[in-house]
Amino acid sequence: MFTASVVLAALALTLAWPVPLILARAAWPARAPGTALVLWQSIALAGGLSMIGSLVLYGLIPFGGNLIEGGFEFVRHLFAGTLPPDANFSQMFALCLAALLTGHLLLSLLLTVVRSEKQRARHLSLVNLLSAPLEGNPGTRVLDHPSPVAYCLPGTTSSVTVLSEGLLTLLDESQLRAVIAHENAHLAQQHHLVLLAFKSWHSALPWFPIANRAETAVAVLVEMLADDQARRATDDRTLATAIALVGSGAATDPGAPELTWANRGEIEPGLVGPRVVRLLNPQHPLSSSARAVVLLAATALLVIPTVLLVLI
Amino acid sequence: MATLGELERTVMDVLWGADGSLSANELRDRLDSANGAKELAVTTVLTVLSRLENKGFVERDRSSRPHLYRSVTTRAEHTADLMHEVLGSAPDREAALARFVGQVSPEEAETLRALLSGTRNS
């Protein structure tokens, strides 16, 4: 059990530091955003699982030979208020740490979900007051504002795509179709759930630079996935032009400076540029065999810690 | 900023449409003519008005009998405030919605413009 706990700790460290760094710098995710997104989720889950699992296994050593036996024995001791004779301080500390970490991560997830749900509801009520439906596009509303804006508000019961008058003037019909297809892809593929999970991970570990990097990488991948849906509705150049127009227009519009300037410190360089470049110079999608390898690796990442935890 | 409930919004609509100050009684009469089906008690109107006063939407003139009420901002100002909130960015809200194009730095906007005009060969 000690060996398994050391292996899990090593896995957790690898998944917390070098692996996300390498993946964030790799070029292939742009060629297979969906597959890369699966890998990111697997890395995050496996990282958490191995970190907590390693602590639990180490802490349970004095209670029994494996997780199940040790777990039962632990509960028995917990209710009896006793400790096994060979238990030491560092093992109990590891168990406390595991409990704290698990609670912290779950609580942060809950908090992020509740907060964003509240924001979403408030935003939706404001949008309903301020906007009118767009003819011929159910679920799409138009804000009477000159700056070009497009976003979607995913909801549990109903979702809305919000556009602005400024956007309608800025873009022609086919560009607009690209924007709507892009937003509809976000809604159909439930991207907000993935983003929410990584957001909560980041807010749970704000001092952990990798979490920030992962959140950014996942945000870009989600945009690329939606772009891939949108380029089916129009052509690559139309979509790229729409992105560039909205991107450069939104940044220069004096009417709504907070739109782009408020979080100046948080602007990640190059979130939009790569999307445009990717559309203007299309590369071959990753081969299906390479994608299969990545998916296999993603599965292995989840299976290995589980096996180490349960079977050893 | 604070938002308005349905009844509060109806009362504000009347105040915004009025030339000057209104008493609670006058307000109720106009509300009745606005939506004839609903008969509101004056006490209900007074409750709504004091809530609106607390939220900063309504000013009360206590020097006259009965008290007179008037709206603090115009309807257009209120709409502009709401629009400002909808379009402004706060980290919490960014999590709740997915923008077509997110935050763009000035350098990146410049790059995008260059891409658009085709002056940059990539």
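Residues in segment B:1-24 that are at pLDDT below 90, over 25 Å from A:Arg122 (Cα atoms) and assigned to a helix (DSSP H, G or I): B:Gly17 alone. Scanning segment A:215-231 for residues that are open to solvent by 20 Å² or more (accessible area, probe 1.4 Å), more than 10 Å from chain B (Cβ to nearest Cβ) and of a type in the set (Ser, Thr, Tyr) turns up at least one hit. The requirement of being open to solvent by less than 70 Å² (accessible area, probe 1.4 Å), closer than 30 Å to A:Ala150 by Cα and away from every other protein chain (no Cβ under 14 Å) is fulfilled nowhere in segment B:80-89; no residue meets it.
Restricting to segment A:25-44, give me the number of residues that are open to solvent by 40 Å² or more (accessible area, probe 1.4 Å) and at pLDDT below 95.
Of the residues in segment A:25-44, the ones open to solvent by 40 Å² or more (accessible area, probe 1.4 Å) are A:25, A:27-28, A:31, A:38, A:41.
Filter once more, so that each one left must be at pLDDT below 95: A:25, A:27-28, A:31.
Looking only at that region, the number is 4.
Going residue by residue through segment A:65-86, is there one that turns out to be within 23 Å of A:Ala211 (Cβ to Cβ), of a type outside the set (A, V, I, L, M), part of a helix (DSSP H, G or I) and in contact (Cβ under 8 Å) with a residue 60 or more places away in the chain? Checking segment A:65-86: not a single residue is within 23 Å of A:Ala211 (Cβ to Cβ), of a type outside the set (A, V, I, L, M), part of a helix (DSSP H, G or I) and in contact (Cβ under 8 Å) with a residue 60 or more places away in the chain. Cβ-Cβ contacts under 9 Å between residues 6 or more apart (or on different chains), taken from a first residue in segment B:97-117 that is more than 7 Å from chain A (Cβ to nearest Cβ) and modelled with pLDDT of 75 or more to a second residue that is open to solvent by less than 20 Å² (accessible area, probe 1.4 Å) and part of a helix (DSSP H, G or I), are listed as B:Glu110/A:Ser248; B:Glu110/A:Ala251. Among what's in segment A:108-139 and is buried (at least 21 other Cβ atoms within 10 Å of the Cβ) and either more than 11 Å from every other protein chain (Cβ to nearest Cβ) or at pLDDT 90 or above (or both), pick the residue that is nearest to A:Phe198 (Cα to Cα). Restricting to residues being buried (at least 21 other Cβ atoms within 10 Å of the Cβ) and either more than 11 Å from every other protein chain (Cβ to nearest Cβ) or at pLDDT 90 or above (or both), the top hit is A:Thr112.
Selection of segment A:166-203 for residues being within 11 Å of another protein chain (Cβ to nearest Cβ), over 21 Å from A:Val220 (Cα atoms) and open to solvent by 50 Å² or more (accessible area, probe 1.4 Å) yields an empty set.
The values are calculated or read from the model by the stated rules, or taken from the named source; none is laboratory data. Computed from a predicted structure; not experimentally measured. So basically every Cβ, Gly included, is an ideal-geometry build from the backbone, and we count neighbours across all protein chains shown. Accessible surface is based on the protein model in full, side chains and every heavy atom, while ligands, DNA and RNA are left aside. Shrake-Rupley method; radii C 1.70, N 1.55, O 1.52, S 1.80 Å.
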